[in-house]
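Okay, structure first, notes after.
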Amino acid sequence: MVTDKDYQIATKLVRGGQHRSENRETSEALYMTSGFVYDSAEQAAAAFRDEIDTFVYSRYGNPTVKMFEQRLALLEGAEACRATGTGMAAVFGALACQLKSGDRVVASRALFGACHAILTKILPKWGVITELIDGTDLAAWQAALETPAKLVFLESPSNPVLELVDIAAVCDLAHDAGALVLVDNVFASPLYQKPLELGADIVIYSTTKHIDGQGRLLGGAVLGKASFVEDVFLPFYRQTGAAISAFNAWVMLKSLETLPLRVAAQTENARQVAAFLYNHPKVKSISYPGHDSHPQHDLAKRQMSGFGNMLAFEIDGDQAVAFRFLNALALIDISNNLGDSKSLACHPFTTTHANLSDADRASLNITPSHIRLSVGLEDKIDLIADLESALAAIG
Ligand SMILES: Cc1ncc(COP(=O)(O)O)c(C=O)c1O
């Protein structure tokens, strides 16, 4: 019998995980309910002993959320998935559910600001030892993993300047050292990079980004083997309240149906925008994994099946010039969100990565001239015209 797992990606994203109620609805049902009822007190007691498979409370699980989780698991090729209220709830929960005082985490230092804060400020308060290294350097991973570690955490491409980590090579080193590998796969999107196939153990998303894709809702997801997601993460998730709302899960479930179309069109726009910026005299450098000027372009070709919609570039000028450029944009919005159908530009130095010290920003190569651009679904002609006139306006 053909199952959801046998379908191609586009089919999985339209059909996968659908559970029709007795009303035979075409579109997936939205179960806006906090609780569920039982036929008897005995049934309720059995449900709380996990002896019967039934929903008990939407902080634990919900039928709409379950459809979203099953569809995401099919997309990722993961045994199990749990959806969370935000991407940061996914990152924090996936780390905190398995760490205790004295454990050591090795991470690539090129991280989203909030992930950096979890690793450098929150976990160390509880006695977890964290070491941040240059994730592009395999020798640095090897050296760091000579000391026992419980977990490896990385982001590739990284936010905001799109550094890559060789995921397969780092997984080999981590596994030899007995550590599990968590990958925050937001920038690549689940379509263009498959960390589990590259050897990772756990994959994390902010579904706020490409998966919603229209800038409406917050959400996140943790995916991996059932022995991790169901046995280690789920007990933590249930008790600490990381659940996503059924409404958010429903919107994102429907968004998954169009994910491949949206991300492919955004990626093609990003390719054209990168080519335009590369040739512009007021642009000092661009960082786009799909452009052959990216120092890790060969690695990108090896581990990504598409290069995504995110890019960063340095204006030829200081922070004031970068601000003049952003303020001169007429179509592209100034916003720190990403993956939206609307093109969004931000200045990471003073926004997403403002909490980092000068030394940390310098080590990550985040300069006051950097602009991060999330390319949307507008026509590339209008996007390039907007960039061109804003670059002309900086003088
Ligand atoms: C790489 C990365 N990870 C995690 C997050 C956090 O996601 P959320 O804002 O949904 O909590 C973000 C958000 O920008 C991100 O860019």
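Read-outs throughout are calculated quantities, based only on the coordinates presented, and are distinct from any laboratory measurement. Note that the coordinates shown come from a computational prediction; the quantities given were computed from them, not determined experimentally. All Cβ positions, glycine included, derive from the backbone under ideal geometry; neighbour counts span all protein chains shown.
Applying 1/(1 + (r/R0)^6) with r as the Cβ-Cβ distance of Tyr57 and Asn355 and R0 = 35 angstrom yields a FRET efficiency of 0.50. Under the combined filter of DSSP loop state and at most 15 neighbouring Cβ atoms within 10 Å, region 98-140 retains these trypsin sites (Lys or Arg not before Pro): Lys100.
Applying the Karplus relation 6.51 cos²θ - 1.76 cosθ + 1.60 with θ = phi - 60° to region 137-144 yields 3J(HN,Hα) values of 10, 5, 5, 5, 4, 4, 5, 5 Hz, where x marks Gly and Pro. Listed values for region 382-395 are Karplus-derived 3J(HN,Hα) couplings in whole Hz (6.51 cos²θ - 1.76 cosθ + 1.60, θ = phi - 60°), namely 6, 5, 5, 5, 5, 5, 5, 6, 5, 5, 5, 6, 6, x, and x replaces Gly and Pro. When the GluC sites (Glu not before Pro) in region 144-249 are filtered for DSSP coil states and for at most 13 other beta-carbon atoms within 10 Å of their beta-carbon, the remaining sites are Glu146, Glu197. Each Lys and Arg adds +1 at its Cβ and each Asp and Glu adds -1 at its Cβ; summed about the Cα centre, region 147-289 shows a dipole of about 580 debye.
When +1 charges are put on Lys and Arg Cβ atoms and -1 charges on Asp and Glu Cβ atoms, the dipole computed for the chain relative to its Cα centre reaches about 520 debye. With θ taken as phi - 60° and the Karplus curve 6.51 cos²θ - 1.76 cosθ + 1.60 applied, the whole-hertz 3J(HN,Hα) list for region 286-297 is 10, 10, 9, x, x, 9, 6, 7, 6, x, 10, 4 Hz, x standing for glycine and proline. When Ile52, Ile129 are sorted by how many other C-beta atoms sit within 10 angstrom of their C-beta, beginning with the fewest, the order is Ile52, Ile129. Say a paramagnetic label sat at a point 7 Å from the Cα of Ala392, along Cα to Cβ; which residues of region 328-349 have their backbone N under 20 Å from it? Answer for region 328-349: 328-333.
In this structure, the amide hydrogen of Ile334, modeled 1.01 Å from its nitrogen in the peptide plane, lies closer than 5 angstrom to those of Ala345, counting only residues at least 5 positions away or on a different chain. Taking a Cβ cut-off of under 10 Å around Asp4, the surrounding Lys, Arg, Asp and Glu residues balance to a net charge of +3, with basic ones at +1 and acidic ones at -1. Taking a straight line from the alpha carbon of Lys100, not one of the aspartates and glutamates sits under 13 Å away once near neighbours fewer than eight places off in the same chain are left out. What is the angle, in °, between the Cα long axis of helix 319-328 and the longest principal axis of the Cα atoms in the chain? Nearest 10 is fine, range 0 to 90. Helix 319-328 sits roughly 70 degrees off the main axis of the chain.
Here Trp126, Trp250 are placed in order of increasing Cβ neighbour count within 10 Å, fewest first, which gives Trp126, Trp250.
Ranking of Tyr31, Tyr288, Tyr237 by neighbouring Cβ atoms within 10 Å, starting from the fewest: Tyr31, Tyr237, Tyr288. Seen against the Cα atoms of the chain and their longest principal axis, helix 87-96 is set at about 70 degrees.
In terms of overall dimensions, the C-alpha atoms belonging to region 97-136 reach 27, 17, 15 Å along their principal axes, ordered largest to smallest. Nearest 10 degrees, 0 to 90: what angle lies between the long axis of helix 63-76 and the longest principal axis of the chain (Cα atoms)? On a 0 to 90 degree scale, this one is about 50. Excluding same-chain neighbours fewer than eight residues apart, the lysines reachable from Lys66 by a Cα-Cα span under 23 Å are Lys5, Lys12, Lys194, Lys209, Lys225, Lys254. Compactness ratio for region 4-256: Cα radius of gyration over 2.2 N^0.38 Å (N = residue count) comes to 1.03. Among the GluC sites (Glu not before Pro) within region 62-134, those in coil by DSSP and having at most 16 neighbouring Cβ atoms inside 10 Å are Glu79. Largest mean-square fluctuation among Arg15, Arg49, Arg302, in a Gaussian network model of the chain whose springs join Cα atoms under 10 Å apart, belongs to Arg49. Working value for region 138-259: equivalent-ellipsoid semi-axes of 28, 18, 11 Å, each the square root of 5 times a Cα gyration tensor eigenvalue, largest first.
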